[in-house]
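Throughout, read-outs are computed from the coordinates displayed, never taken from laboratory work. The shown structure was predicted, so the numbers you read here are calculated from the model rather than taken from an experiment. Ideal geometry is used to build each Cβ from the backbone, glycine not excepted, and the neighbour counts take in all protein chains shown.
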Amino acid sequence: MIDLDTPLLMLVQLDWAAWLTMFWFMIVLEVPRYTLSAVAIFISSFTRKHAPTASETRYLDSLKISVVIAGHNEADAIERCLRSLGEQTRRIDEIIFIDDGSTDGMREIINKYRQLGQIDIALSNQVRCGKPASCNLGFSLAKGDIIVNLDADCSYDCDAIAKLIEPFTDPRVGATTGALGVRNYDYSAVTGYQAIEYIVSIGMGKRALDMLDMVVCASGAFGAFRREALHQVGHLAAGPGEDFDLTLRLRRSGWKIRFAADSWCFTDTPATFAAIIRQRRRWDRDTLRIRMRKFRDTFSPGRRKFILLETFEQCEWMVMNVLVTVVFPAYVLWVFWYFGEGALNILIAVAIVYLVLDAIGFLMALCICRRYNSGMVWTIAPYILTFGIYNGIFMRCVRLYAYCEEWIYRASARDSYSPSRVSRQAYYRR
């Protein structure tokens with residue numbers, strides 16, 4: 001008889017059959033995706049990276065780089081963004097800045113920087129049209145071979161652009177995306193949790209996807225696109241989720257998407273629980289809408305151009321995101337039904353195991369990224385103790401709620417990311 005007096009004692013006394021009975025959710029659905037991929041990435045990170053050859057360097061130097069930035073009411077962020085772009089080791093041939101109907105004086109500020117020569121083209125929409133429409137205006141004016149799409153509220157390492165364009169030495173690469181870090185990690189517990197989340201999910205998760213050629217989102221905050229690829233598939237679709245939608249279209253057209261792991265962008269993330277709930281609801285709704293409505297024919301072998309890798313990636317997302325999210329509350333209810341009074345100790349034991357895995361994953365991600373200073377690490381490290389609650393319970397509940405919103409009410413059609421007239425048009429276009 002297993003002693004359930006304390007969770008720690010219980011963990012010590014469990015045999016393999018008991019472990020499988022109580023931790024099947026973690027063993028079957030969690031460990032294969034995160035633990036095994038983390039180990040593979042950790043080992044591969046110590047292999048020597050090859051710098052571009054002399055001919056590749058000459059090719060990269062011959063490329064013209066256009067930077068397109070679109071923003072709405074981000075006047076306070078412009079100076080920091082432009083300062084970091086001015087410090088880039090790779091010359092930027094033109095910077096195009098679009099003010100999307102701002103009311104905070106952003107128009108005047110970008111015109112001032114244009115007169116100072118720090119912006120080549122500064123344009124303002126009279127009314128707000130949404131970021132996709134503003135970016136598309138910039139794309140249509142850009143003359144570069146590579147078009148870099150950035151957010152106004154971000155800042156960048158001095159070699160960020162140089163590292164971001166390195167994968168374009170492969171002519172099959174249509175887009176790249178860089179690493180995102182949390183700039184306001186010390187503002188609140190919420191930003192501390194997100195700093196850990198970004199380190200692990202981007203530092204290791206995107207590396208794993210890049211190894212498998214399964215990068216599916218060139219971030220709208222920090223992505224670069226080959227001009228030829230954009231002309232082939234078209235620009236950003238109206239409405240939310242535009243970067244994800246564009247990336248899937250590029251992949252379907254045969255272009256490769258690469259993750260430039262050493263190219264770093266830093267941004268301020270939502271600082272309150274209410275703010276992050278709004279953000280993640282929008283992200284998860286849009287992901288579900290684009291995958292299961294707009295690109296649902298991925299599952300159909302009979303469509304004109306069936307790509308096995310795309311179907312595999314879609315199935316992986318279905319299992320590791322949708323299925324895990326839906327099954328988790330059922331797992332908790334099953335624990336209470338099956339173990340009765342011992343259920344609380346079971347769940348505490350599960351939390352302890354998650355804590356150990358989270359700590360190991362966090363340390364491995366830090367070793368792989370090699371970008372964060374000790375002050376930042378010591379500031380966010382205490383949040384590891386409760387990161388399992390944030391990531392394993394809180395974020396899953398938010399995701400499940402967002403999925404239900406989209407499944408039942410099609411809530412993305414009313415998303416405020418873009419003006420309602422734009423969102424409705426984007427939602428119903430197929």
Using a cut-off of under 19 Å, list every residue of the range 349-368 whose amide N is near the label point 7 Å from the Cα of Trp378 along the Cα-to-beta-carbon line.
363, 366-367
Between Val356 and His231, what is the spin-label point distance in nm, taking each point 7 Å from the Cα along the Cα→C-beta axis?
5.7
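Between Asp61 and Asp159, 0.36 nm times their residue separation minus their Cα-Cα distance comes to what?
Details: separation 98, 0.36 × 98 = 35.28 nm, distance 1.39 nm.
So the chain would gain 33.9 nm between Asp61 and Asp159.
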18 Å reach of a label modelled at Ala274, 7 Å along Cα-to-Cβ, counting backbone N of the range 181-197:
188-191
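Among 204-212, 91-99, 144-152, what's the highest-first ranking by average C-beta atoms within 10 angstrom per residue?
Numbers: 204-212: 19.7, 91-99: 21.2, 144-152: 23.3.
Answer by packing, highest mean first, reads 144-152, 91-99, 204-212.
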The range 109-184-the range 47-84 distance, computed between alpha-carbon centres (Å)
8
Quick check: residue separation of Tyr331 and Thr386 times 0.36 nm, minus the Cα distance between them. What number comes out in nm?
17.8 nm
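Please give the FRET efficiency for Leu363 paired with Ser300, using the beta carbon to beta carbon distance and R0 = 45 Å, rounded to the nearest 0.05. It would help to have the intermediate numbers written out before the result.
On the way: r = 43 Å, r/R0 = 0.95.
Using R0 = 45 Å, I get an efficiency of 0.60.
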Amide hydrogen neighbours beyond the local backbone of Ile95, cut-off 5 Å, H modeled:
Val67, Asp120, Ile121
Using a simple spin-label model with points 7 Å from Cα along the Cα→Cβ vector, what separation in nm is obtained for Asp170 and Ile348?
4.9
To the nearest 0.05, the calculated FRET efficiency linking Met211 and Thr53 through their beta-carbon distance, R0 being 22 Å, is 0.55
Strictly over 25 Å apart at the Cα level, which of Lys64/Lys206; Lys64/Lys294; Lys64/Lys256; Lys256/Lys294; Lys64/Lys163 would you flag in this model?
Lys64/Lys206; Lys64/Lys294
Contour minus Cα-Cα span, Glu108 to Trp407, at 0.36 nm per residue, comes to 103.4 nm
Please turn the phi angles of the range 240-251 into ³J(HN,Hα) values with the Karplus equation 6.51 cos²θ - 1.76 cosθ + 1.60 (θ = phi - 60°), one per residue in order, whole Hz, x for glycine and proline.
x, x, 5, 5, 5, 4, 5, 5, 5, 5, 5, 4
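Between Cys315 and Gln115, what's the calculated FRET efficiency when r is the beta-carbon distance and R0 is 41 Å? Round to 0.05. Don't skip to the answer; put the middle values down first.
On the way: r = 53 Å, r/R0 = 1.29.
After rounding to 0.05, the efficiency reads 0.20.
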Highest average packing first - 376-383, 343-350, 233-240, Cβ atoms within 10 Å
233-240, 343-350, 376-383
Row for the range 233-292, column shape: gyration tensor on C-alpha, a ≥ b ≥ c, rounded if a/c < 1.5 i.e. under 1.5, prolate if a/b over b/c, else oblate; value oblate
